[in-house]
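Student: Sharing a structure below in structure tokens format, with a few things to ask.
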Amino acid sequence: MEDPAQHRPELLAPEVSGELISNPFSQKIVQLTQAEHIELKWQGNYWKSQHERLKTQHEELKQELELAHAKIRDLEQRLYGKKTEKGTTKADKPTTHDGRGSCRPRGQQKGSQGHGRTPRPDLPVVEEERDVAPEDRTCPICAKAYASHTQTEDSRIIEVHVRAHVRLIKRKMYTQACDCEGVAGIVTAPAAARLVAKGCVGISVWTEVLLNKFLFSRATYNLCTDYAYRGLPLAPGTLTGGLKQIAPLFEPLVEELVEKQLSEELFHNDETGWKVFEAIEGKVGYRWYLWVTQSPSVVYYAMAPSRSGDIPIAYFSGLDKRLEQVIVVCDRYSGYKRLARENAVILLAFCWAHVRRDFLDAAKSWPELQSWMFSWVEAIGELYALNAQRLEHWDEARALEDQTPAFMERHQALEHAIEQIAERCDHELQKQSLHVAQRDVLNSLKNHWLGLTVFVRFPQVPMDNNTAERRMRNPAMGRKNYYGSASQWSAKLAAMMFSLFQTVLLWKLNPHHWLHSYLLHEALLRT
């Protein structure tokens, strides 16, 4: 049977024997009215715009979903994961170039030389003689007595024996034996030194209370329970009332510390939340803030009802007018940026540990970007290593340009590494395909670059704000154990005691000896 298409070319398929034949429908003419043509064009443009709108909406929802998943991963890490960078798991740690993570255990390494037993020359030695039982001093066979040996086998055991006691003060009295006028009829020995007038609690107890509460972070109720078990029942109200009377004794000391600190040129600043359970007119809630400022010789804490930038601005307004430049090492909180804008003397040095944390947090939130994020973490780690090598040859007595050749060699290596990071950041930001998480961390790095490079020009400035953050550990432990302060006066006392104890520790003094000596001196002045 013959194929009719062989005799009728218009019925052939579009492609026959490899030759392309035009579609016959493209040659047909369809007549439409102008109204129908306009209607079809309108509908075509409408559905085309609807399609584009839905595509854009789909991409936005897809990006929003990815951000939501990243936020969920970040919140899960905050809630269930490790709380600090030091405690990150192996999966969270950046690996080396050969793919292996660091497996070095914490603490003293096996095979390393120990320091032996710690000498304690200040402890008194109480000798205790132990003898052999009488039945063991004779020969079990012939019953002849053993000869006593001139030497002894000595061993040492450290013991602590704490016992409360009552000081019964007996003041001797003398009666006048003559008839002279204008003299006292009875002479009595001076009264014992007391911090609280007519109080029954001695200086040693107040020393223990202040140290335990503000240095060792023990709650008042917990401390009273401990004393009761040791035979000294004390009511929490007794201690609270006494502390309120003692608090003014420390104000002159803190004022002197502030005056000394504001004459220095390098500061470390940080702040953390604190609760003060006293209602204040115009303030909602009990959330206050504890601010810390550390200089080379002073650690100062201030309690404030807010986290406003007015707090550091007011404090640094008292800087010594002779200072030409002051460097404040801090995080990227906007209150410090406002401080630098309003005080031309202050130069902010931002924290590289926070930048490193940005990349680590982004790596946890966006697992597909871990390799890229960890490469930046390794670059920051290299900066730390180069700076540490440079500081090994740093001489504080010399200017930067007068340092040794060994220092200058490592200084130039650090400058080169900083330039490479800046160039890499600019190069990455020029990429149109950069992920939103990558762009965010790089924009933050670029925006804070001036403050992040202060440590290069001033080697005495550390790369991070860990100094101030470490000073917050002691108050943070107190906040966890006794939740804050019950009133404004107790909050002020807490800030003063934190300032004094941390400054004493900075000076490498014994806080027990210092506090007892100071309280004894103040008690003698009151007597």
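Student: Looking only at the range 210-249, count every residue that is part of a helix (DSSP H, G or I), of a type in the set (D, E, K, R) and surrounded by fewer than 17 Cβ atoms within 10 Å (Cβ to Cβ) and tell me the total.
Tutor: 2
Student: For the range 497-527, how many residues are in a helix (DSSP H, G or I) and under 25 Å from the mean Cα position of the chain (by Cα)?
Tutor: Residues that pass the stated criteria total 11.
Student: Give the residue that is surrounded by the most Cβ atoms within 10 Å (Cβ to Cβ), with candidates limited to residues of the range 336-355 that are without any contact (Cβ under 8 Å) to a residue 60 or more places away in the chain and not in a loop (DSSP other than H, G, I, E, B).
Tutor: My answer is Leu339.
Student: Additional query: Can you name every residue in the range 101-131 that is surrounded by 10 or more Cβ atoms within 10 Å (Cβ to Cβ) and under 27 Å from His161 (Cβ atoms)?
Tutor: The answer is Leu123, and nothing else.
Student: For Arg194, all conditions in the list (1) over 30 Å from Ser490 (Cα atoms); (2) part of a loop (DSSP other than H, G, I, E, B) hold save one; what is the number of the exception?
Tutor: Every listed condition holds for Arg194 apart from (1).
Student: Go over the candidates Ile246, Ile311 one by one and state the one that is touching a residue at least 24 places away in the same chain (Cβ under 8 Å), farther than 30 Å from Asn443 by Cβ and of a type outside the set (Phe, Trp, Tyr).
Tutor: Result: Ile246 is the single residue among Ile246, Ile311 that is touching a residue at least 24 places away in the same chain (Cβ under 8 Å), farther than 30 Å from Asn443 by Cβ and of a type outside the set (Phe, Trp, Tyr).
Student: In the range 130-161, which residues are among the polar types (S, T, N, Q) and over 30 Å from Arg230 (Cβ atoms)?
Tutor: Across the range 130-161, the qualifying residues are Thr138, Ser148, Thr150, Gln151, Thr152.
Student: Kindly provide the set of residues from the range 164-187 that are of a type in the set (A, V, I, L, M, F, W, C) and in contact with a strand residue (DSSP E or B) (Cβ under 7 Å, 6 or more places away or on another chain), ordered by number.
Tutor: Listed by number, the residues that qualify are Met173, Ile186, Val187.
Student: Among the residues of the range 130-152, are any at pLDDT below 90 and closer than 30 Å to Gly199 by Cα?
Tutor: Within the range 130-152, none of the residues are at pLDDT below 90 and closer than 30 Å to Gly199 by Cα.
Student: Could you check the range 255-281 and list, in sequence order, the residues that are of a type in the set (Val, Ile, Thr) and part of a loop (DSSP other than H, G, I, E, B)?
Tutor: Ile280
Student: Name the residue that is surrounded by the fewest Cβ atoms within 10 Å (Cβ to Cβ), counting only residues in the range 282-300 that are part of a strand (DSSP E or B) and either out of contact with any Asp or Glu (no Cβ under 8 Å at 6 or more places or on another chain) or among the aliphatic types (A, V, I, L, M) (or both).
Tutor: Filtering first and then ranking leaves Arg287.
Student: Using the structure shown, decide if Arg171 is in a loop (DSSP other than H, G, I, E, B), surrounded by 10 or more Cβ atoms within 10 Å (Cβ to Cβ) and in contact with a Ser or Thr (Cβ under 8 Å, 6 or more places away or on another chain).
Tutor: For Arg171, the condition - in a loop (DSSP other than H, G, I, E, B), surrounded by 10 or more Cβ atoms within 10 Å (Cβ to Cβ) and in contact with a Ser or Thr (Cβ under 8 Å, 6 or more places away or on another chain) - is not met.
Student: If you don't mind, another one. Just the residues that are closer than 27 Å to Lys364 by Cβ, touching a residue at least 12 places away in the same chain (Cβ under 8 Å) and aliphatic (A, V, I, L, M), please, taken from the range 387-442.
Tutor: Of everything in the range 387-442, those that are closer than 27 Å to Lys364 by Cβ, touching a residue at least 12 places away in the same chain (Cβ under 8 Å) and aliphatic (A, V, I, L, M) turn out to be Ala417, Ile418, Ile421, Ala422, Leu429, Val436, Ala437, Val441, Leu442.
The values are calculated or read from the model by the stated rules, or taken from the named source; none is laboratory data. Keep in mind that what you see is a predicted model, and the values were worked out from it rather than measured. Cβ: placed from backbone, ideal geometry, glycine included. Neighbour counts: every protein chain shown.
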